[in-house]
Amino acid sequence: MDIDVIRKLFNCGKWHACIESGLKFIKHNRTHIEAWSLCALSYGNLGKINEAIECLQEALKIDKQQGAKHKFHLSLNLAEFYRRNNMTLKAIALLKSFLPRDDENLHFNLAKCYGDLQDYEQSINHYTIAITINPKDVHAIFNLANQQAAIGRFNLALKYYTLAYENGMGDAGINLAQIYASLDYLDNSIVLYRDLESRYLQDSNFYFNYANTLRYSLDFAGAKQAYYKALSLHNDPRYAINLAYLLLSLDDFDNGFPLYEHRRALIGKNIPKHFLDFSFQNKEDVLNFLKDKRVLVYHEQGFGDSIMFVRFLPLLECKEKFLCVPKELVSLFMCFGISCSSEIREDYDIALPIPSLAFLFASLRDIQNVLLQFRTILHNFLQATCTSPYIQHQCVNADRSQEFVTNNSPQYILKKSQDTHTTSKVPLNKILQSYSVDEIVDTTYNQIDAQLHSKDKNINLLEMPFNHSKSIANHRHKNVLSVVDKKKIKVALNFASNPNFQYAREKSIYPQKLLEALPKDNFAYFSMQYEGIDSDIANEFCIIDLKDCIKDFFDSTTLLMQMDFVISIDSAIAHLSATLGIPTAVLLYKRHDWRWGRLGKHDSTIWYGNNVHLFIQEELHEWGSVLEDLRNFMLTLQ
C-alpha cells in the first residue's frame, strides 16, 4: 500500500478506511508526516478530537527531527483541534508563537479562537488582518460580520454580510435578512428571503425566520403560511409555539391554544402526571376525565401568566383541586377558597399547568364574563380579608409570621405560629409621611375609567362618585388617606422587567425617561417596583417608593386598590391591575407579547376590559411617541 491510496480514500471522504490504511502504512513508515496528517484529519472529521491531536503531535515531533519544514501548517491544524477540544488558550498560545507572520490562515484561526472566548475586539482585529491579506476570503468576511453583529455594530455587520452575500455565500444572505429584521428594515429583509427561498426549499429554519419577519411586517397570512411550511419540514416545538403566538394574537383560540401546549417540550422539567401524558384526543376528553380526579393546578412560568389565566380555575369541575404556586402568589390566590401552597403535594391524580386552563376554557364569547367573575372573587376576598378582626395582613419588611389556611368552608382563618407577635417595620403611612405630602385624592379608578373612553375632555373627575374600593383602603391603611393631597390623582408606576426574562431590556423603560414625560401637577406617583427605584431619581421627581411594603402579590394588590391609575410596562403588575379593573396604561415594545393582541397599532386587548389602554411603540426600541401619547392622555385626566 502506498500513500496515493490513502490520499484517495481521504479525498473521497472514506474516513474510517483512510485511518485503517494510514495506520497500517505508518506501521512500516513511521516517519511519514503526511500519513500522520491524513489520519489526524480523518479522526477530526469523525469527531475523535483526542486521537487527531495525538496524530498531529506525533507528526510535529517527526517534523522537528527532519528540520521543521512543515511546522507551521501542522501547528495550524493542531491549534484548530485544540480549539474544538475546548483548549482555546492553548490554541492561542501555539498560534501566537508564529506572529508577526502575515498569513491569512494564521489570523483567521486566531480570530476564531478569540471569538470562542467572546473577546470580540481581538477577533475582529484578526479577521480584518486576514481580509487585508486576502480581500476575497468570503469566510473571513462572513465571520467578521458575525462578530460585529455580536457586539451590536449592526451597520458594520450589514456591510460585511452584504459583501459575503454578493460573493456567493447564501448563509450570509440569511444572516443579512435577520439583521435587517432586527433593525426593523422589514422590506429589505423580505426581499432577501424571497430571493433566497429557491435555495432553501427544504430548510425549516429558513421558513421559521421568514415567518417571524412576515409577522413583524404585519403580513399575518403570509406568516401563518411560512410557519406551517416550517412545521411540515420539521416538527419543532419552537415553530409550533411561534405559530401559536400569532394565532392567539389574532384571537384564534381554537387553533392557537392546542399549539400553545407544545411549550411543554421547551420548559424542560415537568411535574409528574401531567395531563398531556394521558394521550387525550381533544379537550372534551380531558374535561370528562378530570371530573372524578384530584387535580393539582400549578404555576408553570411567569407571574403574569398565572394571574392572567387563573381566572378560569372556577370553571374546572373535578373531585378536588389544589393550587401550587410560588410563595409570592399564595396569599392572593387564597381567594379561591381551596388549598393553596408553594409546596407540591403528592396526593393528586393529575397535574394541570395554570396556562392550560385557557386551552380548556378560553372562548371569545365568555372571556370577559370570566374576567368579571374573577374580579368579583378578588374584590370580595380583599374586603373580607382586610376587614376581618382575625386577619391583619400588614405591609411589612420582614417575613410574615403567619400564613393562610383553609378548611372546606369558604371562611378564611389564620394558622397560629410559634411567635404570636406580628411586626410591621415600615408601615405605609410612615413611608408616605417621609415625603411631606398631605392627603390622598378623593377620586377613584372608576372615575378615570369613564374618562378613558369619554369624548368629553371637560369631565371633572373630582366630581364623580366614590367607589367601594375606598373601604378596602380605609380598613387596611387608615392613615394613608390623610397624607396625600386630595386634589392629586394617585398613580402607580412599574417600569422595569425582571432582567432574567426574555426581552427584558426591550420591554423596560429607564425610569428617568418615563418620569420626565409625566405631568407633575395634580398627580402623586408611587413606584411599585419590587426592587425599588433609585433614591436620587425618587427624590428628584418626588416619587414615593413602596418597595418596603411589597412582600408578595397580596401586598401589591392592596396597594393597587388604593391607586386611581396605573402605568406599567408588560409585567405581572400590568396583568394584576388590569384584572382588578383599575384604569391601566400598558406601555408596550413594538414586538410585544401576544397576550396584548396583534402586532400593529391598537389600544385594547380582548383579555381585559375597557379599563386598559395600550400604548405601543411606533418605531422599534423608540419610546418617544409612546411617552408623548401617554402624557397627552394623562393631561385629559386632570
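The values are calculated or read from the model by the stated rules, or taken from the named source; none is laboratory data. Fair warning: this is a prediction, and the values are worked out from it, not measured in the lab. Please note: Cβ atoms are built from the backbone with ideal geometry, for glycine as well, and neighbour counts cover all protein chains shown. The area values use the complete protein model at the heavy-atom level, side chains included, leaving out ligands, DNA and RNA. Shrake-Rupley method; radii C 1.70, N 1.55, O 1.52, S 1.80 Å.
Might you let me know whether segment 265-272 holds any residue that is over 26 Å from residue 620 (Cβ atoms) and either open to solvent by less than 20 Å² (accessible area, probe 1.4 Å) or among the polar types (S, T, N, Q) (or both)? So far as segment 265-272 goes, yes, one or more of its residues are over 26 Å from residue 620 (Cβ atoms) and either open to solvent by less than 20 Å² (accessible area, probe 1.4 Å) or among the polar types (S, T, N, Q) (or both).
Tell me, yes or no, whether segment 536-544 has at least one residue that is crowded, with 24+ Cβ neighbours inside 10 Å and in contact (Cβ under 8 Å) with a residue 12 or more places away in the chain. Within segment 536-544 (the criterion being crowded, with 24+ Cβ neighbours inside 10 Å and in contact (Cβ under 8 Å) with a residue 12 or more places away in the chain), the answer is no, since none of the residues qualifies. Figure legend. Inter-residue proximity from segment 493-504: first residues in contact (Cβ under 8 Å) with a residue 60 or more places away in the chain, second residues in a loop (DSSP other than H, G, I, E, B) and acidic (Asp, Glu), beta-carbon distance below 8 Å, spacing 6+ or different chains. Indicated pairs: 496/531; 497/570. Counting only helices (runs of 4 or more DSSP H) that fall entirely inside segment 92-210 and contain at least 3 residues that are over 30 Å from residue 75 (Cα atoms) and of a type outside the set (Lys, Arg), the qualifying elements are 154-166, 170-182, 186-196.
Does segment 180-203 hold any residues that are aliphatic (A, V, I, L, M) and modelled with pLDDT of 95 or more, and which are they? So that I can check it myself, show each step before the final result.
First, the residues of segment 180-203 that are aliphatic (A, V, I, L, M): 181, 183, 186, 190-192, 196, 201.
Of everything in segment 180-203, those that are aliphatic (A, V, I, L, M) and modelled with pLDDT of 95 or more turn out to be 181, 186, 190, 191, 192, 196, 201.
In segment 71-85, the qualifying residues are those that are of a type outside the set (Lys, Arg) and touching an Asp or Glu at 6+ places or on another chain (Cβ under 9 Å), and the one that is nearest to residue 60 (Cα to Cα) is 74. Among the residues of segment 61-95, which ones are farther than 25 Å from residue 115 by Cβ and surrounded by 19 or more Cβ atoms within 10 Å (Cβ to Cβ)? Within segment 61-95, just 63 meets the criteria. Might you let me know whether segment 178-196 holds any residue that is over 21 Å from residue 216 (Cβ atoms) and small (Gly, Ala, Ser)? Within segment 178-196, not a single residue is over 21 Å from residue 216 (Cβ atoms) and small (Gly, Ala, Ser).
Determine whether segment 256-268 contains at least one residue that is within 20 Å of residue 598 (Cβ to Cβ) and among the aromatic types (Phe, Trp, Tyr). Checked against the condition, which is being within 20 Å of residue 598 (Cβ to Cβ) and among the aromatic types (Phe, Trp, Tyr), segment 256-268 yields at least one hit.
Of the numbered criteria (1) open to solvent by less than 30 Å² (accessible area, probe 1.4 Å); (2) under 23 Å from residue 276 (Cβ atoms), the one residue 252 fails is (1).
Only one entry in 260, 245, 239 is at pLDDT 95 or above, part of a helix (DSSP H, G or I) and open to solvent by 60 Å² or more (accessible area, probe 1.4 Å), namely 245. Taken over segment 597-629, the residue count meeting the criterion of being part of a loop (DSSP other than H, G, I, E, B), within 19 Å of residue 308 (Cα to Cα) and not aromatic (Phe, Trp, Tyr) is 9.
Taken over segment 327-341, the residue count meeting the criterion of being out of contact with any Cys (no Cβ under 7 Å at 6 or more places or on another chain) and farther than 14 Å from residue 295 by Cβ is 7.
Every residue, every condition in (1) surrounded by 15 or more Cβ atoms within 10 Å (Cβ to Cβ); (2) touching a residue at least 60 places away in the same chain (Cβ under 8 Å); (3) not charged (D, E, K, R), yes or no:
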position: 110; (1), (2), (3): yes, no, yes
position: 117; (1), (2), (3): no, no, yes
position: 120; (1), (2), (3): yes, no, yes
position: 123; (1), (2), (3): yes, no, yes
position: 131; (1), (2), (3): yes, no, yes
position: 136; (1), (2), (3): no, no, no
position: 147; (1), (2), (3): yes, no, yes
position: 151; (1), (2), (3): no, no, yes
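With respect to the conditions (1) of a type in the set (Asp, Glu); (2) over 27 Å from residue 255 (Cβ atoms); (3) in a loop (DSSP other than H, G, I, E, B), residue 328 falls short on a single one, namely (3).
Every residue in segment 572-630 that is of a type in the set (Lys, Arg) and touching a helix residue (DSSP H, G or I) at 6+ places or on another chain (Cβ under 7 Å), please. Spell out how you get there, then give the answer.
Filtering segment 572-630 down to residues of a type in the set (Lys, Arg) leaves 590-591, 595, 598, 601.
The answer is 591, 595, 598.
Looking at segment 583-638, which of its residues are within 23 Å of residue 366 (Cβ to Cβ) and of a type in the set (Gly, Ala, Ser)? Result: 597, 604, 609. Could you tell me which numbered condition residue 555 fails, if it satisfies all but one of (1) assigned to a loop (DSSP other than H, G, I, E, B); (2) over 23 Å from the mean Cα position of the chain (by Cα); (3) of a type outside the set (Lys, Arg)? Checking residue 555 against (1) assigned to a loop (DSSP other than H, G, I, E, B); (2) over 23 Å from the mean Cα position of the chain (by Cα); (3) of a type outside the set (Lys, Arg), the one that fails is (1).
Can you tell me which residue in segment 279-297 is surrounded by the most Cβ atoms within 10 Å (Cβ to Cβ), limited to those that are part of a loop (DSSP other than H, G, I, E, B) and of a type in the set (Lys, Arg)? Write out each step before concluding.
Let us first name the residues in segment 279-297 that are part of a loop (DSSP other than H, G, I, E, B), namely 279-282, 291-293.
Now drop any that are not of a type in the set (Lys, Arg), which leaves 291, 293.
Working: 291: 11, 293: 17.
For segment 279-297, the residue satisfying everything is 293.
I'd like to check something: does segment 40-57 contain any residue that is open to solvent by 60 Å² or more (accessible area, probe 1.4 Å) and within 30 Å of residue 135 (Cα to Cα)? Looking through segment 40-57, at least one residue is open to solvent by 60 Å² or more (accessible area, probe 1.4 Å) and within 30 Å of residue 135 (Cα to Cα).
When each of 135, 100 is tested for being more than 37 Å from the chain's Cα centre (by Cα) and under 28 Å from residue 189 (Cα atoms), the lone residue that passes is 135. When segment 298-338 is filtered for residues that are touching a strand residue (DSSP E or B) at 6+ places or on another chain (Cβ under 7 Å), over 14 Å from residue 351 (Cβ atoms) and open to solvent by 40 Å² or more (accessible area, probe 1.4 Å), only 319 remains.
Considering only residues that are of a type in the set (Phe, Trp, Tyr) and surrounded by fewer than 22 Cβ atoms within 10 Å (Cβ to Cβ), look in segment 158-207 and name the one that is nearest to the chain's Cα centre (by Cα). Of everything passing the filter in segment 158-207, 185 is nearest to the chain's Cα centre (by Cα).
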